[in-house]
Amino acid sequence: MSSLTMEAIAIEANVSNPLIYKYFDSRISLLQELLEREFYRFYSEIKERLADAADFDEVVRIVVTANFDEVANGNILFILRSQRDIERRIDMNKFSQSIGVGPYLVKRTMEAYPVTRAKATKMVAFGAGASQAAALHWRQFGGNRKRMIDEVIGFIYGGFDTFVD
């Protein structure tokens, strides 16, 4: 990613270098804007899918599959998030909260399990991390995608059980 320059972007976009600088002060600011746009796209797509979820199992499968696909396919969101100089200036929770995905997932988790909001928030974060880690593993080693998603869902449910008092 560090080899990506404003000049290369201008050439690829078929515009002048000064035009790029008119809208973005630096390569970092351009990539941060792209990261924000991709977060919005990602969470908007999840929200749209969740609207049709019949039960908590379907909610979990939708979110795990979305996380899995985003990471396993090497989409730009995953690539940008791996760049700490870009990600650290972005409030990722802002996107999830503003679109309503984070609060929705916490609410649904609290409905499915007798846990506090704080515990439900951790459960959602841990579940997202597990699905992303599984996708990285699948991306590196391959295998049966559907089975990997089923396995990570089972892993998440096993972890969720530890939160119940």
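Every number in this text was worked out from the coordinates using simple rules, so none of it is lab data. All figures in this text were calculated on a predicted structure; none of them were measured in a lab. Heads up, the Cβs are rebuilt from the backbone with ideal geometry, glycines too, and the neighbour counts pull from every protein chain shown.
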| query | Which translational diffusion coefficient, to the nearest whole µm²/s, is obtained for the chain from the Stokes-Einstein equation, given a Kirkwood hydrodynamic radius over C-alpha pairs, 37 °C and 0.692 mPa s? | reply | 188
| request: Mind pulling the angle between the C-alpha long axis of helix 56-72 and the longest principal axis of the chain? Nearest 10 degrees, somewhere in 0 to 90. | output: 30
| Using Cα atoms only, what is the angle between the long axis of helix 117-141 and the major principal axis of the chain, expressed in degrees (0 to 90) to the nearest 10? | 60
| message | When a/c reaches 1.5 or more, the comparison of a/b and b/c decides; with that in mind, is the range 23-69 rounded, prolate or oblate per its Cα gyration tensor? | response | prolate
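Under 8 Å for C-alpha pairs, at least 6 residues apart: give me the relative contact order for the chain, rounded to a whole percent. Mind showing how you got there, number by number?
Working: 129 pairs, mean separation 39.2, N = 165.
Relative CO of the chain lands at 24 percent.
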| task | About the Cα centre of the chain, how large is the charge dipole given +1 on each Lys and Arg Cβ and -1 on each Asp and Glu Cβ? Please answer in debye to the nearest 20. | result | 240
